[in-house]
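To start, the structure under review is shown below, and the notes come after it.
The values are calculated or read from the model by the stated rules, or taken from the named source; none is laboratory data. All values reported here derive from a predicted model rather than from experimental measurement. Cβ placement follows ideal geometry from the backbone for every residue including glycine, while neighbour counts extend to all protein chains displayed. Protein only, heavy atoms only, side chains kept; ligands, DNA and RNA dropped before computing areas. Shrake-Rupley method; radii C 1.70, N 1.55, O 1.52, S 1.80 Å.
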Amino acid sequence: VGRKERSRFLYQLEEELLPVNDKMRFFYPEVAVSAPSDIPAPAILQVHKTPEILQKIRNRLENKGLSATSLNEYFNGELGFYWRYIEGIKAREKDEAVIGHNVFGSIVHYILEKTDEFYVGALITREVLENQKRSALAGFDILLKQSQPDFDFEYGLNAVLKTLAKELIGKYFDKRLREFTEPFYIEALEKKFQTTVEAGGVRVKVEGTVDKIERHGDCLVVIDYKTGDVDPLKIRYAPGRTDLSLHDCLRLQDRDKFRQLLLYKFLISELYGKNAKYEIKFYSFRKLDSNLILEVENHTNEEIWAAVHELIVNVATDLLDAGKPFTKEPGSKVPSYSDFADLLEVSSKPGT
């Protein structure tokens, strides 16, 4: 009950026994519990930075650093960032038999990576793409088992998700074939980039891992796969249509994917140079018909690099500021995908 999830047993009864037994009935009773009205709303939830906590922050910045994921957690809520990245508190693990969205995403990533790994450095023609599609679909069951050996995909919702994943893999290659204009090279898969930025007397490590890099003529195409939704408007920045500066836009909570792609651009420019020609994009398996390309209008690569550099310096400086506690104000919104969304939402409600 506390986890807000049904047990495996109840799920199995509903999904497997109910369809074959017309004498069964399922009910979902709900109990609403309201807090007494005389309990005052909570004060601002804070963790003050003791010397010990500040040392942990320095160690984190120097040794593990900042990534797109950690920056997104920071802008989702400072307390969530503190718990996960400074104190090392892990997200609650689920033991359900049905795969979640994270596992589904891992399956798609794994199969595409394994299909591509034989062609790194090779010229990719239309025929190669067609062969890749056939290979991925023919070997799907084997790759699925390699990716997730602990799950049963023959029954229930997992069987449905297995079919969906296979269908999406096929549609992905169909899209690549429709887009194909001329041969290209796969330059790297799961490429890890890393650099350091000086902030507050600390050399802050900054890193990120890119799913795939292709070279199309003189242009590098940087690809990240998403099995979740991507809003095309939120990976674009047009100064004439907004009063926000690029720096302010990078700090918005709902621009997590925009921030991720710009961080990739920042990291990649450290290796390939700020003046190299890039195209950075998502392939969203919920929007395979969309072209989800990062767009930053009226800004040079140098200006974009400077905006991301400033963002990293400001975040690190705030983290190292002993006078700025980690704070969660009552009523402030926490995205549902945050590792600590449930806890932070509860802490924001009156009477808790």
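Scanning segment 167-214 for residues that are part of a strand (DSSP E or B), of a type in the set (A, V, I, L, M, F, W, C) and within 18 Å of E113 (Cα to Cα) gives F184, I186, A188, L189, F193, V210, I213. Residues that are under 16 Å from A316 (Cα atoms) and hydroxyl-bearing (S, T, Y) were ranked within segment 178-200; the one that is most open to solvent (accessible area, probe 1.4 Å) is T196. One residue stands out in segment 201-221 among those that are among the aliphatic types (A, V, I, L, M) and more than 14 Å from S67 (Cβ to Cβ): the one that is surrounded by the most Cβ atoms within 10 Å (Cβ to Cβ), namely I213. Contact map, segment 280-301: first residue more than 17 Å from R259 (Cβ to Cβ) and small (G, A, S), second residue modelled with pLDDT of 90 or more and open to solvent by less than 60 Å² (accessible area, probe 1.4 Å), Cβ cut-off under 8 Å, separation 6 or more or different chains; pairs are S290/V230; S290/P232; S290/S284. For Q253, the conditions (1) crowded, with 18+ Cβ neighbours inside 10 Å; (2) over 15 Å from T209 (Cβ atoms); (3) within 17 Å of the chain's Cα centre (by Cα) all hold with the exception of (1).
Residues in segment 154-183 that are over 30 Å from G217 (Cβ atoms) and in contact with a Ser or Thr (Cβ under 9 Å, 6 or more places away or on another chain): A165 alone.
Looking only at segment 116-137, count how many residues are hydrophobic (A, V, I, L, M, F, W, C) and open to solvent by 20 Å² or more (accessible area, probe 1.4 Å). Before you say what the answer is, go through the steps one by one.
The initial filter retains those residues of segment 116-137 that are hydrophobic (A, V, I, L, M, F, W, C), namely 118, 120, 122-124, 128-129, 136-137.
With the extra rule that they be open to solvent by 20 Å² or more (accessible area, probe 1.4 Å), the set shrinks to 118, 120, 122-123, 128, 137.
Final tally of qualifying residues: 6.
Out of all the residues in segment 104-118, is one or more free of Cβ contacts under 8 Å to residues at least 12 places away in the same chain and more than 30 Å from A199 (Cβ to Cβ)? Taking every residue of segment 104-118 in turn, at least one turns out to be free of Cβ contacts under 8 Å to residues at least 12 places away in the same chain and more than 30 Å from A199 (Cβ to Cβ).
Restricting the first member to segment 45-56 and to residues that are open to solvent by 70 Å² or more (accessible area, probe 1.4 Å), and the second to residues that are part of a helix (DSSP H, G or I), the beta-carbon pairs closer than 7 Å and six or more apart or on different chains are K56/I86.
Quick check on this structure: which one of L244, L233, L271 is open to solvent by 10 Å² or more (accessible area, probe 1.4 Å) and not in a helix (DSSP H, G or I)?
Working: L233 fails: not in a helix (DSSP H, G or I); L271 fails: not in a helix (DSSP H, G or I).
None of the other options fit; the residue is L244.
Confirm whether Q194 is closer than 30 Å to L61 by Cα and either under 25 Å from the mean Cα position of the chain (by Cα) or at pLDDT 95 or above (or both). Here the answer is yes, as Q194 does meet what is asked. Taking the criterion of being in a helix (DSSP H, G or I), more than 18 Å from H247 (Cα to Cα) and either in contact with a Pro (Cβ under 9 Å, 6 or more places away or on another chain) or open to solvent by 10 Å² or more (accessible area, probe 1.4 Å) (or both), the only residue of segment 70-80 that qualifies is E78.
For the condition acidic (D, E) and modelled with pLDDT under 95, E310 does not qualify.
Residues that are in a helix (DSSP H, G or I) and at pLDDT below 90 were ranked within segment 81-115; the one that is surrounded by the most Cβ atoms within 10 Å (Cβ to Cβ) is N102. Is it the case that some residue within segment 222-229 is within 20 Å of E130 (Cα to Cα), open to solvent by less than 60 Å² (accessible area, probe 1.4 Å), part of a strand (DSSP E or B) and out of contact with any His (no Cβ under 6 Å at 6 or more places or on another chain)? Looking through segment 222-229, at least one residue is within 20 Å of E130 (Cα to Cα), open to solvent by less than 60 Å² (accessible area, probe 1.4 Å), part of a strand (DSSP E or B) and out of contact with any His (no Cβ under 6 Å at 6 or more places or on another chain). Take the conditions at pLDDT 95 or above and within 22 Å of the chain's Cα centre (by Cα) and apply them to E182. Does it pass? It is false that E182 is at pLDDT 95 or above and within 22 Å of the chain's Cα centre (by Cα).
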